[in-house]
Amino acid sequence: MKKQCKVFFFMFLTAFIFSLSLLARQVTAVAAQSTVLEEKNDNVEDSLAAVKLNVQKKSMVTGSSFQLKLYNMKDSHKASFSSSDSDVVSVTEYGCLTALKSASNQDDAQRTATISVTVRDSETGKSVTLTCDVTVGPRAESVKFICADTLYLKVGEKRTPSVSVKPKNSTDQPVYISTNTSVVKVSSSGRITAKSEGTAKIFAMVSSGKFSSITVVVSAADDTEEESKDGNVSTGSAINSIAPVLNLTK
């Protein structure tokens, strides 16, 4: 009888220990699953936080277009676009902006509209909203360098000549071109860098076709800098008028 009791007690103890082991495994599995879900939700939130617009501010001239772009988008993300004033700037469902005339048809006035981009995650229902402020103004009627007619630089020097655009409230941004980039390079903002000895012209052009130019003479770094001379500034009213000048100055 005692032997049977011992066997029964041993079987009961084994079953109890086995049940505890199973329960511990279940608790661990539930905790692990909860951690995975929490990490997944964190990743979703992080993915929304990573979404960026290519620009937060933009200047446009009346009648021009610009494409907004979103970076770090996921398959579960969907974007919607809206304009605070569609009379100033319209936006398509794909983020293409078009600068329009103001409601009062005053082409000489600048107007601003805010483009809102809402990105929603279809898996969580969470969303984030990004904005871009767009300023619309008239095209430039003229552009002119307001500096010495000829600019003398030494190799390695950098200079940003001032440029005047009319009307003053135009949002037109000049495009800069160097006729000899091995001598002088010019950035999109008009910053000139002297690369080697020689002469080149720098042109500033606006979207209407108007342009202005200056001559840049680059000397060796140990040469004496000369004073500016007059008579080398040219202005025009059509882009194709630049072609003969470019050919002559190569």
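The values are calculated or read from the model by the stated rules, or taken from the named source; none is laboratory data. Bear in mind the structure is a predicted one, so any value in this text is a computation, not a measurement. Counting neighbours? That spans all protein chains shown, and the Cβs are built from the backbone with ideal geometry, glycine included.
Among the residues of the stretch 193-211, those identified as surrounded by 22 or more Cβ atoms within 10 Å (Cβ to Cβ) and closer than 14 Å to LYS144 by Cβ are ILE202, PHE203, ALA204, VAL206, LYS210, PHE211. Among the strands (runs of 3 or more DSSP E) confined to the stretch 158-229, the ones with at least 1 residues that are among the small types (Gly, Ala, Ser) and in contact (Cβ under 8 Å) with a residue 12 or more places away in the chain are located at 163-166, 175-178, 192-194, 198-205, 211-219.
Summed over the stretch 45-81, residues that are in contact (Cβ under 8 Å) with a residue 60 or more places away in the chain, over 24 Å from THR98 (Cα atoms) and of a type outside the set (D, E, K, R) total 3. Looking at LYS154, LYS168, LYS158, just one residue is of a type outside the set (Ser, Thr, Tyr), more than 30 Å from LYS52 (Cα to Cα), at pLDDT below 90 and out of contact with any Gly (no Cβ under 6 Å at 6 or more places or on another chain), and that residue is LYS168. If you go through the stretch 112-135, how many residues are assigned to a strand (DSSP E or B) and touching a residue at least 60 places away in the same chain (Cβ under 8 Å)? Of the residues in that region, 11 qualify.
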